[in-house]
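What follows is one structure encoded as structure tokens, with my remarks underneath.
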Amino acid sequence: MSTAIPVPDDWRPFFSSWDEIRHGYHAGDKDEAVRDCADRLDATWPGSGSDPVLFWTLGMLLLAPYVAFGSPGTGVEDRAVAVLRRVARGGDGRVCAHGWHPYEADVDEVLERLPAFLDRLSAPMEQALDDLLPEDLLPADHLDGLEDEEAEPVNLSGPEILARWQCPCAVPGFARAALGYLGATVR
């Protein structure tokens, strides 16, 4: 079954743990969750079209607030930054025809809406496209805050926004967004 973006079969428990960590009430080993996500991203990058590289990158983005502000153990931040830098550099020189991508939205807004976005993005392709609206894949605040009605993403349809999530530039872009959250640079 083809989904809008590739996700592991057991993605929901991963995502639930990461979201709990971001909100500060995860009872498990937070550092191990970060290391595991970083290892999985490292193992799948650069990936083929069927690898869940974007999923693991979004996981690192979701874990970035903990890594930045939650007092992770020794080496956790270094591991997260190292893999995110490698992925972010993978987009160097990559050009696409899209004028805008979801990683350009406010990171905190994306993090708040990520559970709903992942529900849509993990759906089978034909289901993901059914009655897809821009707000299904972007924070409404982001769409409302844009002044130019002709600019992307305001004028894009839901399927056109989905194409931006699926763009090869999305993974390095979200890795750069996570690095920015951590106060790190791509180098």
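The values are calculated or read from the model by the stated rules, or taken from the named source; none is laboratory data. Predicted model only: the values in this text are computed from it and were never measured. Note: ideal-geometry Cβ built from the backbone for every residue, glycine included; neighbour counts use all protein chains shown. For accessibility, only protein heavy atoms count, side chains too; no ligands or nucleic acids. Shrake-Rupley method; radii C 1.70, N 1.55, O 1.52, S 1.80 Å.
Between 0 and 90 degrees, rounded to the nearest ten: what's the tilt of helix 76-89 against the longest Cα principal axis of the chain?
It is inclined by approximately 40 degrees.
By how many nm would the segment from MET125 to ALA68 grow when fully extended, if each residue of separation counts as 0.36 nm and the alpha-carbon distance is taken off?
That works out to 17.1 nm of additional length.
What angle, in degrees between 0 and 90 and rounded to the nearest 10, separates the Cα long axis of helix 11-23 from the longest principal axis of the Cα atoms of the chain?
Roughly 70 degrees, rounded to the nearest 10.
Using a 10 Å cut-off on Cβ atoms, rank the peptides 58-67, 176-185 from the highest mean neighbour count down.
Result, highest mean Cβ count within 10 Å first: 58-67, 176-185.
Given H placed on each backbone N at 1.01 Å, which residues far from THR3 in sequence or on other chains put an amide H within less than 5 Å of it?
MET125
Can you compute the FRET efficiency between ASP29 and GLU109 using 1/(1 + (r/R0)^6), with r the Cβ-Cβ distance and R0 = 22 Å? Round to the nearest 0.05.
Efficiency at R0 = 22 Å is approximately 0.15.
Ignoring ligands, DNA and RNA, please state the percent of accessible area on the chain from carbon and sulfur, probe 1.4 Å.
Its accessible area is 47 percent carbon and sulfur atoms.
Can you pull out the chymotrypsin sites (Phe, Trp or Tyr not before Pro) in region 1-36 that DSSP calls coil and that have at most 12 other Cβ atoms within 10 Å?
Those satisfying the criteria are TYR25.
Step through the residues of region 54-69 one at a time and calculate ³J(HN,Hα) from phi using the Karplus curve (6.51 cos²θ - 1.76 cosθ + 1.60, θ = phi - 60°), rounding each to whole Hz and writing x for Gly and Pro.
5, 4, 5, 5, 5, x, 5, 5, 5, 7, 4, x, 5, 4, 6, 10
Please give the peptides 50-56, 95-101, 40-46 ranked by average Cβ packing (other Cβ atoms within 10 Å per residue), highest first, as a rough proxy for protection.
Packing order, densest peptide first, comes out as 50-56, 40-46, 95-101.
In region 65-126, if every C-alpha pair distance is counted and binned at 10 Å from zero, what percent goes to each bin?
Taking all Cα pairs of region 65-126, the binned fractions are 15, 31, 42, 11, 0 percent.
How big is D for the chain, in µm² s⁻¹ as a whole number, if Stokes-Einstein is applied with the Kirkwood radius of its Cα pairs at 37 °C and 0.692 mPa s?
Approximately 197 µm²/s, per Stokes-Einstein.
Quick one: 3J(HN,Hα) in Hz for region 158-174, Karplus 6.51/-1.76/1.60 with θ = phi - 60°, rounded, Gly and Pro as x.
x, x, 5, 5, 4, 4, 6, 5, 7, 4, x, 6, 5, 4, x, x, 5
Quick one: go through region 1-21 and flag any residue whose amide nitrogen is under 20 Å from the point 7 Å out along the Cα-to-Cβ line of ARG86.
Label zone hits: 8.
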